[in-house]
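Below: the structure, in structure tokens.
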Amino acid sequence: MDIVCTPEELSLFKTIGDAAAALNVSCYLIGGFVRDKILGRPTKDVDIVCTGDGIELAHAVAATFPHKPHVSFFKTFGTAQFRLHGLDVEFVGARKESYSSDSRKPHVEPGTIEDDQLRRDFTINALAISLNSINYGKLIDPFDGIADLERKIIRTPLDPDTTFSDDPLRMMRAIRFSTQLGFEITPDVFQSICRNKGRLKIVSQERVTDELNKIMAAARPSVGLDLLFRSGLLREFFPQMADLSGVEIVEGKGHKDNFYHTLQVIDNTAAKSDNLWLRWAALLHDIGKPATKKFEDGHGWTFHGHEVVGERMTPRIFKQLKLPQNEKMKYVAKLVALHLRPISLTKEDITDSAMRRLLFDAGEELEDLMILCESDITSKNRMKVKRYLENFELVKQRLKEVEENDKIRNWQPPISGEDIMQLFGLSPSREVGVLKTTIREAILDGLIPNDRDAAYELLLSKAKELNLKPVNQ
Ligand code: CTP
């Protein structure tokens, strides 16, 4: 087994080994750093475990560097960390843990390296490498974690019911690692997740959502989302998404399974963009479907207005999942609201005015909306997909042309509300709104060109209808 470390990392490990020897304790590299180095994945988080006081060791190591990196520590958890050469170096004393069933807080006492490895979540995360001179570089692998890395499987060191009951977040972590690494969760571990799903409720929503976002940021988020759904975990914290699943059949007609359709749209989006929030828009684009589903005689299944319902559900879901309540949320809601618009332009006889309206409504989000909309074209019928995609290309082309002509994106009408108020001596009122809308609509509909003179002329004639006169005439 080969591990490639940078010269800075090697020199840091030597310093840590020497400082530990001076304190008469043993120390080891452990966890994600060892796992990722063996897998050849980039990693910047170095975890050190020592058979003694981790905080003391961290201070001793930091003191050996000329610029003495700042050590932050948490006495209650016995952890300390500092940053060095772009690495996050964290120290903890080896410990033995036992948990009671109604709390996340373990009973902790000092332990050996073996005790510490036993309390870890997965065999692939329990690998340790000695930094002690007596056996420097020796791999300590009591649970055959190396073989699991080779076989690409996720397995717990203890009975999975114990590992998950100790810290239920690990059920999410198992699915997250499976998604990120492309590893299989062993059947007994998966069944244990299904059995223990209800325990997730003792974990804070922030930690659950953190794992969900790591799944969403992976190359194929569908892998993890499907595992979350099949294990029952998804319904525990995100029932609205689980409700997308299933196919109802009436008079021999079924609709798409909106859960699996959504997963495909997320993967399609992920293949085109790393933007986490665009992926969230893909996740939520059809979230309003279960609430709007109807079987209409002669039509079959309809989901009228699901984009509006989805837009309204977005803030509630963001709150429930403790996602940011800021412009990211507004961005997602806007894309959910607009997700049908570009595809509706693939119909024949689409006017330039419809194109202009989309450019105006989407504004800065146009490119992202187009990615979402293109990702939404899924069907088992490959000919159908091909035809839709070709039509979609035409829409893209026409949007480009209209934009080049009219410069309507991120556009402000040539006469503002302020201008109108000044001209007619008005304070903010219904009339100002009417005049503003008249100008905007006339330009978007192509009735007048997008310039100040034409807008001014229209403004005067509309004002006349409303019995308004410019103040200085
Ligand atoms: N760990 C654990 N149970 C948890 C969280 C962490 O046993 N609920 C252990 C694992 O040994 C893990 C190590 O603590 O490898 C470090 O945890 P963390 O930094 O959260 O995860 P990494 O494995 O380093 O992976 P990533 O950085 O991708 O989260």
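The values are calculated or read from the model by the stated rules, or taken from the named source; none is laboratory data. Here the structure is a predicted model, which is why all the values come from computation and not from measurement. Counting neighbours? That spans all protein chains shown, and the Cβs are built from the backbone with ideal geometry, glycine included. Ligands, DNA and RNA are stripped out before the accessible areas are found, and what is left, the full protein with its side chains, is counted by its heavy atoms. Shrake-Rupley method; radii C 1.70, N 1.55, O 1.52, S 1.80 Å.
Taking LEU447 as the residue in question, decide whether it is in contact with a Leu (Cβ under 9 Å, 6 or more places away or on another chain), more than 30 Å from LEU366 (Cα to Cα) and of a type outside the set (Ser, Thr, Tyr). No: the conditions fail for LEU447.
In the stretch 116-127, the count of residues that are more than 13 Å from the ligand (Cβ to nearest atom) and either farther than 27 Å from ALA270 by Cα or not assigned by TED's automatic domain parsing to the domain that holds ILE16 (or both) is zero. Scanning the stretch 161-185 for residues that are within 21 Å of HIS107 (Cβ to Cβ) and within 13 Å of the ligand (Cβ to nearest atom) yields a total of 9.
Where strands (runs of 3 or more DSSP E) fall wholly inside the stretch 30-91, the ranges with 1 or more residues that are among the aromatic types (Phe, Trp, Tyr), more than 11 Å from the ligand (Cβ to nearest atom) and open to solvent by less than 10 Å² (accessible area, probe 1.4 Å) are 79-84. For ILE317, the criteria (1) within 17 Å of LEU340 (Cβ to Cβ); (2) out of contact with any Ser or Thr (no Cβ under 6 Å at 6 or more places or on another chain) hold in every case but one, which is (1). Of all residues in the stretch 164-182, those that are under 17 Å from SER204 (Cβ atoms) have Cβ atoms under 7 Å from Cβ atoms of residues that are β-branched (Val, Ile, Thr) and near the ligand (Cβ under 10 Å from one of its atoms), 6 or more apart or on another chain, in PRO168/VAL203; LEU169/VAL203; ARG170/THR163.
When the stretch 329-363 is limited to residues that are within 27 Å of the chain's Cα centre (by Cα) and not in a helix (DSSP H, G or I), the one that is nearest to THR314 (Cα to Cα) turns out to be HIS339. Keeping to the stretch 325-364, report how many residues are within 19 Å of ASN410 (Cβ to Cβ) and at pLDDT below 95. Counting residues in the stretch 325-364 that are within 19 Å of ASN410 (Cβ to Cβ) and at pLDDT below 95 gives 15.
In the set (1) touching a residue at least 12 places away in the same chain (Cβ under 8 Å); (2) within 16 Å of the ligand (Cβ to nearest atom), the condition left unmet by PHE190 is number (2). Is it the case that some residue within the stretch 328-342 is in contact (Cβ under 8 Å) with a residue 60 or more places away in the chain and either among the small types (Gly, Ala, Ser) or touching a Leu at 6+ places or on another chain (Cβ under 8 Å) (or both)? No, because not a single residue in the stretch 328-342 is in contact (Cβ under 8 Å) with a residue 60 or more places away in the chain and either among the small types (Gly, Ala, Ser) or touching a Leu at 6+ places or on another chain (Cβ under 8 Å) (or both).
When the stretch 406-446 is examined, which residues are found to be open to solvent by 30 Å² or more (accessible area, probe 1.4 Å), touching an Asp or Glu at 6+ places or on another chain (Cβ under 9 Å) and among the aliphatic types (A, V, I, L, M)? Once the filter is applied, which keeps residues that are open to solvent by 30 Å² or more (accessible area, probe 1.4 Å), touching an Asp or Glu at 6+ places or on another chain (Cβ under 9 Å) and among the aliphatic types (A, V, I, L, M), the stretch 406-446 yields nothing. For the stretch 214-237, the set of residues classified as part of a loop (DSSP other than H, G, I, E, B) and of a type in the set (A, V, I, L, M, F, W, C) consists of ALA217, ALA218, ALA219, listed by residue number. Checking each residue in the stretch 216-255 for being acidic (Asp, Glu) and out of contact with any Lys or Arg (no Cβ under 7 Å at 6 or more places or on another chain) picks out ASP226, ASP243, GLU248, GLU251. Evaluate the following for GLU390: is it part of a helix (DSSP H, G or I) and out of contact with any helix residue (DSSP H, G or I) (no Cβ under 9 Å at 6 or more places or on another chain)? Taking the combined requirement at face value, the residue satisfies it.
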